[in-house]
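The values are calculated or read from the model by the stated rules, or taken from the named source; none is laboratory data. Please read these numbers as outputs of a predicted model, since none were measured by experiment. In this analysis, Cβ positions are derived from the backbone assuming ideal geometry, glycine residues included, and neighbour counts consider all displayed protein chains.
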Amino acid sequence: MDNRKEVREFLASRRARVSPEQAGLPAHGGNRRVPGLRREEVALLAGVSIDYYIRLERGNLAGASGSVLDGVARALQLDEPEHAHLIDLARASGPAPQRRSRPVQQQIRPTVQRILDAMGDVPAYVRNGRRDILAANPLGRALYSELYADPVRPVNVARFVFLSPRARDFFLDWDRAAADLVANLRIEAGRSPYDRALTDLIGELSVRSEEFRAQWAAQNVRFHRTGVKAVHHPVVGDLVLSFEAMDLPADPGLSLIVYSAEPGSAAQDALQLLASWTATTSDATVPAPQNRSSS
């Protein structure tokens with residue numbers, strides 16, 4: 001990732017989004033040549049000099065203090081994910097590592113797999129920041145059976161959403177799913193700018209998907225902690241499920257995702273039907289894994 005380019009585009013896009021009126025500044029009539037705030041207005045609101053803010057927006061966040069970053073976040077009215085992303089970009093603006101470690105295979109500890117398997121009534125899986133599904137319980141694999149139809153392993157949600165012709169049928173609100181996914185990947189890119197596998201994934205999606213390119217250019221960032229997912233399963237039909245994403249502290253970068261249905265809802269009935277279907281489906285029907293890479 002080109003950190004300076006990422007910083008420039010992120011700050012410029014956030015500045016263009018805030019009007020003088022929203023910032024409590026006079027609009028100066030209708031002769032403004034740029035959308036949103038001017039650089040000097042951001043500098044005033046952030047409590048820094050104009051020259052210093054220009055330096056920041058040109059991509060040089062190296063050495064910026066926490067108080068400066070907080071001031072810029074307030075001036076640009078960044079929300080929590082955007083503020084965190086700005087801090088990640090500043091952290092990545094420091095010296096690059098002299099030697100980048102080789103990618104390592106992310107392993108799921110047996111304890112984590114046992115926890116997954118013990119969740120017999122709800123779909124659950126473990127993913128990394130690239131949205132690779134590294135492990136799942138039987139109901140989780142059944143829920144995402146459309147993703148597992150591709151024999152390439154690890155299963156990757158982003159690749160499915162943007163490159164599979166089945167994705168728009170599977171996700172009932174594909175536009176929202178796609179936007180959330182891109183925003184999550186951008187958060188991860190800020191956290192892990194030297195992740196070669198992530199860079200390769202973003203490059204592949206940018207080349208092969210016009211929708212991904214357009215959404216990536218929007219610079220939006222978002223956390224993926226809780227929410228609702230609506231899918232159309234080819235066996236049991238529509239399911240509207242709540243999800244919770246929980247980080248695994250002993251496994252940095254990995255998260256446990258658990259889905260649930262409202263008691264007495266049609267989604268709960270569908271989940272029970274899916275569980276019955278899963279119990280009668282042989283593992284042989286699931287394509288054998290084929291590694292795309294070692295990361």
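Return yes or no: is residue 27 at pLDDT 95 or above and either touching a Pro at 6+ places or on another chain (Cβ under 9 Å) or in the same structural domain as residue 9 (by TED's automatic domain parsing) (or both)? Walk me through how you get there before you give the answer.
Values: at pLDDT 95 or above: no; either touching a Pro at 6+ places or on another chain (Cβ under 9 Å) or in the same structural domain as residue 9 (by TED's automatic domain parsing) (or both): yes.
So residue 27 fails the test.
Pull out all pairs, ordered by first then second residue, where Cβ-Cβ is under 7 Å, the residues are six or more apart or on different chains, the first lies in the range 169-197 and is touching a residue at least 40 places away in the same chain (Cβ under 8 Å), and the second is assigned to a helix (DSSP H, G or I) and not hydrophobic (A, V, I, L, M, F, W, C).
That search, which allows pairs on different chains as well, returns 170/146; 179/215; 187/81; 187/85; 190/85; 190/88; 191/88; 193/3.
Just one of the numbered conditions (1) at pLDDT below 95; (2) within 27 Å of residue 258 (Cβ to Cβ); (3) surrounded by 18 or more Cβ atoms within 10 Å (Cβ to Cβ) is not true of residue 93; which one?
Of (1) at pLDDT below 95; (2) within 27 Å of residue 258 (Cβ to Cβ); (3) surrounded by 18 or more Cβ atoms within 10 Å (Cβ to Cβ), only one is false for residue 93: (2).
Here is a yes/no grid of residues against (1) surrounded by fewer than 22 Cβ atoms within 10 Å (Cβ to Cβ); (2) in contact with a Ser or Thr (Cβ under 6 Å, 6 or more places away or on another chain):
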site	(1), (2)
115	yes, no
118	yes, no
121	yes, no
138	yes, yes
143	no, no
149	yes, no
165	yes, no
171	yes, no
190	no, no
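Among the residues of the range 19-33, is any more than 24 Å from residue 91 (Cα to Cα) and either touching a residue at least 40 places away in the same chain (Cβ under 8 Å) or in contact with a Phe, Trp or Tyr (Cβ under 9 Å, 6 or more places away or on another chain) (or both)?
Residues of the range 19-33 that are more than 24 Å from residue 91 (Cα to Cα), as a first pass: 19-33.
Imposing the further condition that a residue be either touching a residue at least 40 places away in the same chain (Cβ under 8 Å) or in contact with a Phe, Trp or Tyr (Cβ under 9 Å, 6 or more places away or on another chain) (or both) reduces the set to 22-23.
Scanning the range 19-33 turns up at least one residue that is more than 24 Å from residue 91 (Cα to Cα) and either touching a residue at least 40 places away in the same chain (Cβ under 8 Å) or in contact with a Phe, Trp or Tyr (Cβ under 9 Å, 6 or more places away or on another chain) (or both).
Considering only the range 117-142, how many residues are touching a residue at least 60 places away in the same chain (Cβ under 8 Å), of a type outside the set (Gly, Ala, Ser) and within 15 Å of residue 260 (Cβ to Cβ)?
Residues in the range 117-142 being touching a residue at least 60 places away in the same chain (Cβ under 8 Å), of a type outside the set (Gly, Ala, Ser) and within 15 Å of residue 260 (Cβ to Cβ): 6 in total.
For residue 207, work out the one condition from (1) surrounded by 12 or more Cβ atoms within 10 Å (Cβ to Cβ); (2) modelled with pLDDT of 95 or more it doesn't fulfil.
Among (1) surrounded by 12 or more Cβ atoms within 10 Å (Cβ to Cβ); (2) modelled with pLDDT of 95 or more, residue 207 violates only (1).
So which of 170, 160 ends up being touching a strand residue (DSSP E or B) at 6+ places or on another chain (Cβ under 6 Å), modelled with pLDDT of 95 or more and in the same structural domain as residue 207 (by TED's automatic domain parsing)?
Details: 160 fails: touching a strand residue (DSSP E or B) at 6+ places or on another chain (Cβ under 6 Å).
After ruling out the rest, the residue left standing is 170.
Hey, residue 176 hits all of (1) at negative phi; (2) charged (D, E, K, R); (3) touching a strand residue (DSSP E or B) at 6+ places or on another chain (Cβ under 7 Å) but one; which does it fall short on?
If we test residue 176 against (1) at negative phi; (2) charged (D, E, K, R); (3) touching a strand residue (DSSP E or B) at 6+ places or on another chain (Cβ under 7 Å), just (3) comes out false.
So which residues in the range 110-144 are part of a loop (DSSP other than H, G, I, E, B) and either within 16 Å of residue 159 (Cβ to Cβ) or not assigned by TED's automatic domain parsing to the domain that holds residue 247 (or both), if there are any at all?
Narrowing the range 110-144 to residues part of a loop (DSSP other than H, G, I, E, B): 119-123, 128-131, 137, 144.
Hits for the range 110-144 are 128, 129, 130, 131, 144.
Within the range 237-250, is even one residue assigned to a loop (DSSP other than H, G, I, E, B) and free of Cβ contacts under 8 Å to residues at least 12 places away in the same chain? Quick ask: steps written out before the conclusion?
Let us first name the residues in the range 237-250 that are assigned to a loop (DSSP other than H, G, I, E, B), namely 248-250.
Subsequent filtering for residues that are free of Cβ contacts under 8 Å to residues at least 12 places away in the same chain retains 249.
Yes, there is a match, as at least one residue in the range 237-250 is assigned to a loop (DSSP other than H, G, I, E, B) and free of Cβ contacts under 8 Å to residues at least 12 places away in the same chain.
Output the number of the condition that residue 88 fails; it satisfies all remaining conditions of (1) at pLDDT 95 or above; (2) surrounded by 13 or more Cβ atoms within 10 Å (Cβ to Cβ); (3) over 15 Å from residue 221 (Cβ atoms).
(3)
Any residue in the range 143-155 that is at pLDDT 90 or above sitting within a Cβ distance under 6 Å of a residue that is β-branched (Val, Ile, Thr) and outside any strand (DSSP E or B)? List the pairs, counting only those 6 or more apart or interchain.
148/286
Can you tell which of 11, 56 is assigned to a helix (DSSP H, G or I), modelled with pLDDT of 95 or more and within 21 Å of the chain's Cα centre (by Cα)?
Values: 56 fails: within 21 Å of the chain's Cα centre (by Cα).
Residue meeting the stated conditions: 11.
Assess whether residue 186 counts as being out of contact with any strand residue (DSSP E or B) (no Cβ under 9 Å at 6 or more places or on another chain) and either assigned to a loop (DSSP other than H, G, I, E, B) or closer than 24 Å to residue 249 by Cβ (or both). Walk me through how you get there before you give the answer.
Values: out of contact with any strand residue (DSSP E or B) (no Cβ under 9 Å at 6 or more places or on another chain): yes; either assigned to a loop (DSSP other than H, G, I, E, B) or closer than 24 Å to residue 249 by Cβ (or both): yes.
When the stated conditions are applied, residue 186 passes them.
Checking the condition in contact (Cβ under 8 Å) with a residue 40 or more places away in the chain and either touching a strand residue (DSSP E or B) at 6+ places or on another chain (Cβ under 7 Å) or buried (at least 16 other Cβ atoms within 10 Å of the Cβ) (or both), which residue from 78, 44 passes?
78
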